[in-house]
Every structure is written in C-alpha cells, then in structure tokens.
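Participant: Let me give you the structure first, and then I'll get to my questions.
The values are calculated or read from the model by the stated rules, or taken from the named source; none is laboratory data. Quick caveat, the model's predicted, so the values are computed rather than measured. Glycine also receives a Cβ, built like all others from the backbone with ideal geometry; neighbour counts cover every protein chain displayed. Accessible surface is based on the protein model in full, side chains and every heavy atom, while ligands, DNA and RNA are left aside. Shrake-Rupley method; radii C 1.70, N 1.55, O 1.52, S 1.80 Å.
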Amino acid sequence: MTTEPPAVAPAASEPVPLRHSALIEEHVSLGAKLTDFGGWEMPLSYPAGTIAEHRACRTGAAVFDVSHLGTVRVEGPAAFDRLQQTLTNDLGRIGPGRAQYTHLLDDDGGVVDDLIVWWLDDESFDVMPNASNTSAVTGALGGTDTTEQRAVVALQGPYARSVVRSVLPEAADLPHFAVASMTWRDTPCVVAGTGYTGEDGVEIAVPSGSAVPLWRALVAAGAVPAGLGARDTLRLEAGLPLHGHELGRGITPLQAGLGWVVGWDKPSFRGREALVAERARGVERRLVGVTTVGRRPPRAGDLVEAGSGSSGVVTSGNFSPMLGHGIALALVSEPAPATGTPVVVTTRRGPLTGTVATTPFIRAGQFASPPSTPPD
Amino acid sequence: MDTPEDLRYSTDHEWVRVAGDRVRVGITDYAQDALGDVVFVDVPAVGAVVEPGGPLGEVESTKSVSEVYAPVGGEVLAVNTSLAERPELLNSDPYGDGWICELRPSDPSTVDNLLDAAAYRALVDG
C-alpha cells in the first residue's frame, strides 16, 4: 500500500524545526495524531477520528486549536490608513469591536493571503493571516508578530454558545463577527464571533499560559476536541476557500466568487488596478461547487467537464460526512455552468458523475442535535 | 499496533490469512491508523487475475488516496461487499470484518516469502 501526500498536510519545503502551540502537550496527552501544517506541528485528529469530530461540530460543539494562525498587532494613529490602503475590504463598512474578512493581493490581483482583521479599538487591530503567510503579511502591513505570546482556540457548532456560556458567559452573547476584550479567570483575552466551519461559534485568543486551563474548561463543558482533518472537511462542506487551493497567487478574489471582499469604492489598495481591469473585461474562470454520486471523493487536481462546455479543475474535494457523497470546489472556465448542470469529474481512478451545486453544501445548524440525548 | 501472530504481511502493509487453497487479504492496523478515517474502498472484480505486487484496489480516507497491492498473485475469488456501505470497517476491524478480498494464489508457496508477525512489527517499529 502506498499513500499520496495528505491533502491537508503539505510537506515542508525544507527541514526547519516545527513550531508548537501552547497546547501541544495537551494534544499529545489526548492521543492526537499530529501533522505538519504551515510549519507547525498541529493535531490532525484525536482518537475519535476525523469523521466523528466533524459530526460533533455539526451536531453539538467542537473545539479546535488554531494557534498556527498568525496574529499581527497593528496599532497607532496610522494603523487604520495602513490597513485600508493595503487590504481589499473596506474597513469603513465596520468599526471598532468588529471583525472583517479581507484579502492581501499582489500587483496582478492574485491572493497573497486571505485573513481576518479583528478591530480591537480605535487605533488597534489584530490581523490574523494563514500560518505560512504571516511573514508576507507582516512585510506588507508592518506591525508586531504576537503569535508566540498567545493561543487561539475556536469553539464551533450549533451548541458552541451553550458550551461557552458556562465557561465565559460574556462570549455566549457576542454577535456574529463582533470582537470584544474579556477577562477569564483574571486573564485578559480577546473573543471574536468568527470561525471556519460554517457553524456558529467563537474564537478565543488567550495568553499562552492560560491556554491549557481554558481548553480543559471548554472540553469539560462539552466541547469535543477536533483536529485539522475535521477543520478541512468542515470548511469544504461550508464552501469556504482554503489558501493554496481556492485562493493563491494567480487566483483573484473575483475568480473565487469573493467580489464582496473588495472595497471597490476605495481609491487604492494593493492589486486594485489589476482587479478593476479584470472586472471590466470579465473573469475567465470562476469557482463553483460540485456534488458527485457515490462515496468516492473527487480530489484536488481532478479535471471537471460540464455539459455546458465549461471545463476546469478541482481545487478541493472530499467525502462529505454529513451528505454521504463526494463534494468539491472547482475553478471552471466562463461561462460557468449553472446550478444543476451535469458534470463529469475525471480522476486517475476513473470518472465520477456529478452536478454543479450551490455552496455552502450544508446550512449552519442543519444537523443540530440536543447534547442531552445520550447515544443508544 | 495490533499484529496477529497467525497472519503473514507484505512490506506494503497488507496482511494475508491462509485458509485452505485460498487467502484472505486486507490492510494492517498500522496502515489503517496511518490512513485515518476510510471513506471509500475500491475492491477488485471477482474473477480478475492479479499479478504479485500488482494493483488490487484503492483505499480513500478523508486525507489521502492509497493503492493496495496484491501480496501474492492469483485469481480474485470473493470481495467484501460490506465495504460499499461501511468502508469504516477497515478502521474498526482491519483483520476481521474489514477484509478486502480473497484470492486463489497462482503459486501458494509465495505466501512463504511474506513477513511473519515479528518481522512485520520490526518493519513498522523501525
């Protein structure tokens, strides 16, 4: 038996020491299987396994260590202008105490990174890039890389708020995409109503020294530890892009269907000219959802041909634990096929038949199941 | 890792159980653990003749695609049809209900070329 490289664990290009979150010993003691992700050694799954962890997040509440995401603190009187003139989204749409999803582009309009900005207060922002892009983002924005000083845990699922209510009650009432400073056991932390699973939930940044007790409190309150394997299948079911797959240099926000991430009325941001030109002439390819018949998963790199004549390539594909069949995101040529158009996905293992589908593939809370019901 | 004494093993992490003139084939506990949650198993066609070391099927997990190789050559006599609906049997019972297929070896003596349990343990612990 031979195994291809795991889709969620790209191999490091050179042997550098792996970084660890403040929770690494906790993960090991829980029996986690670890993987290299973006230069960090992080939990891929716990003994329950990726599918059980995925289901826990869809039905109840799951907790993820996402400390590998970078945190770059940008502050001072020039901070707002620096972010506003560099990143695509318009900070004028929000204000202090809110979070915003945004992109950092190159001059060709390709996505250097997709990230979340937590607007903490007037002149203070925490910018959260993908692990492997933190230095690129710091280079573009300046600011201070505070990644080493804190851990970030994501509590996600239809019962995430009821779980967090017994641990950090204030967080349970935090609105979607709000950001607030709170205190947990005399320790300052920052909580945001954000996540990457398609479910409701919060993300909590705590000083590294408080990471283990916070994690244990959340698990004791009913959250199921979940690894990066489940995080990847969850985000795919939710139709959310992953940098390096649906986004990257050579792929623009418009091609990814994320025109809403662009503040078109802003006079300048990096990559604006290329993006405005692309919008004027029309995109040549577009990201679509695909569902396939049967359990065999479509995979990144598989070819897609639609009955309409459009063709392209799968950027991410897997088995959907909740739907019981294959799902994929694919970049296909314009005119992109309408929802319901039949497609054939050509894999080196044979063809899969499928259909263009709207994303997300599932709805938030669709599989919520009261945690009080014990399994049979 | 569970490595039953009564089985023979390939260096590619398949196991073989001899029963009369046929052998049953699956993947090892080590292999299923490395793969993670199995979501699809492609089994060979009954009646197919496979070469030793040739492709016997594929196992797909949430994280990867893996090829299964024939530990011995021969004719496929039976396949585990339960795997179509329950591929997770490879994880939960790799040496039992998670078997993949049965072969009639074209040369039964080739089974003796496979690793015994101690040698396989040494391979995966190495």
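Participant: Which residues, taken from the range A:351-362, are farther than 18 Å from A:Gln255 by Cβ and either in contact with a Leu (Cβ under 6 Å, 6 or more places away or on another chain) or in contact (Cβ under 8 Å) with a residue 12 or more places away in the chain (or both)? Can you show your working first?
Facilitator: Residues of the range A:351-362 that are farther than 18 Å from A:Gln255 by Cβ, as a first pass: A:351-355, A:357, A:360-362.
Passing the criteria: A:Leu352, A:Thr353, A:Gly354, A:Thr355, A:Ala357, A:Pro360, A:Phe361, A:Ile362.
Participant: Name the single residue, out of those in the range A:19-31 being more than 14 Å from chain B (Cβ to nearest Cβ) and assigned to a loop (DSSP other than H, G, I, E, B), that is most open to solvent (accessible area, probe 1.4 Å).
Facilitator: A:His20
Participant: Could you check the range B:63-77 and list, in sequence order, the residues that are touching a residue at least 40 places away in the same chain (Cβ under 8 Å) and either more than 7 Å from every other protein chain (Cβ to nearest Cβ) or open to solvent by less than 20 Å² (accessible area, probe 1.4 Å) (or both)?
Facilitator: B:Val68, B:Ala70, B:Pro71, B:Val72, B:Gly74, B:Leu77
Participant: Where residues in the range B:1-41 are part of a loop (DSSP other than H, G, I, E, B) and among the hydrophobic types (A, V, I, L, M, F, W, C), which of them is most open to solvent (accessible area, probe 1.4 Å)?
Facilitator: For the range B:1-41, the residue satisfying everything is B:Met1.
Participant: Return yes when A:Glu237 is in contact with a strand residue (DSSP E or B) (Cβ under 9 Å, 6 or more places away or on another chain), closer than 26 Å to A:Gly201 by Cβ, acidic (Asp, Glu) and surrounded by 17 or more Cβ atoms within 10 Å (Cβ to Cβ) and no when it is not.
Facilitator: On the way: in contact with a strand residue (DSSP E or B) (Cβ under 9 Å, 6 or more places away or on another chain): yes; closer than 26 Å to A:Gly201 by Cβ: yes; acidic (Asp, Glu): yes; surrounded by 17 or more Cβ atoms within 10 Å (Cβ to Cβ): yes.
It is true that A:Glu237 is in contact with a strand residue (DSSP E or B) (Cβ under 9 Å, 6 or more places away or on another chain), closer than 26 Å to A:Gly201 by Cβ, acidic (Asp, Glu) and surrounded by 17 or more Cβ atoms within 10 Å (Cβ to Cβ).
Participant: Another one. List every residue pair whose Cβ atoms sit under 9 Å apart, with the two residues 6 or more apart in sequence or on different chains, where the first one lies in the range A:190-212 and is outside the structural domain of A:Val127 (by TED's automatic domain parsing) and assigned to a strand (DSSP E or B) and the second, anywhere, is of a type in the set (Asp, Glu) and surrounded by fewer than 20 Cβ atoms within 10 Å (Cβ to Cβ).
Facilitator: Correct list of pairs: A:Val191/A:Glu170.
Participant: Using the structure shown, decide if A:Val66 is within 18 Å of the chain's Cα centre (by Cα) and either among the aliphatic types (A, V, I, L, M) or under 30 Å from A:Met322 (Cα atoms) (or both).
Facilitator: So A:Val66 fits the description; yes.
Participant: Let me ask something additional. Select from the range A:47-70 the residues that are aliphatic (A, V, I, L, M) and either under 21 Å from B:Asn91 (Cβ atoms) or surrounded by fewer than 24 Cβ atoms within 10 Å (Cβ to Cβ) (or both) and list them in ascending order.
Facilitator: To start, the set of residues in the range A:47-70 that are aliphatic (A, V, I, L, M) comprises A:48, A:51-52, A:56, A:61-63, A:66, A:69.
Selection gives A:Ala48, A:Ile51, A:Ala52, A:Ala56, A:Ala62, A:Val66, A:Leu69.
Participant: Looking at A:Leu34, A:Leu44, can you tell me which residue is open to solvent by 30 Å² or more (accessible area, probe 1.4 Å), within 30 Å of B:His13 (Cα to Cα), assigned by TED's automatic domain parsing to the domain that holds A:Arg161 and at pLDDT 95 or above? Outline the logic, then answer.
Facilitator: Working: A:Leu44 fails: open to solvent by 30 Å² or more (accessible area, probe 1.4 Å).
Only one candidate qualifies: A:Leu34.
Participant: Could you check the range B:46-62 and list, in sequence order, the residues that are open to solvent by less than 30 Å² (accessible area, probe 1.4 Å) and either of a type in the set (A, V, I, L, M) or assigned to a loop (DSSP other than H, G, I, E, B) (or both)?
Facilitator: Passing the criteria: B:Val50, B:Gly54, B:Leu56, B:Val59, B:Thr62.
Participant: Collect the residues in the range B:1-24 that are touching an Asp or Glu at 6+ places or on another chain (Cβ under 6 Å) and either at pLDDT 95 or above or at the interface with chain A (Cβ under 9 Å from one of its Cβ atoms) (or both), keeping them in residue-number order.
Facilitator: B:Arg22, B:Arg24
Participant: Moving to a separate point now. Being in a loop (DSSP other than H, G, I, E, B) and either more than 20 Å from the chain's Cα centre (by Cα) or on the phi < 0 side of the Ramachandran plot (or both) is true for just one of A:Leu254, A:Leu275. Which residue is that?
Facilitator: A:Leu254
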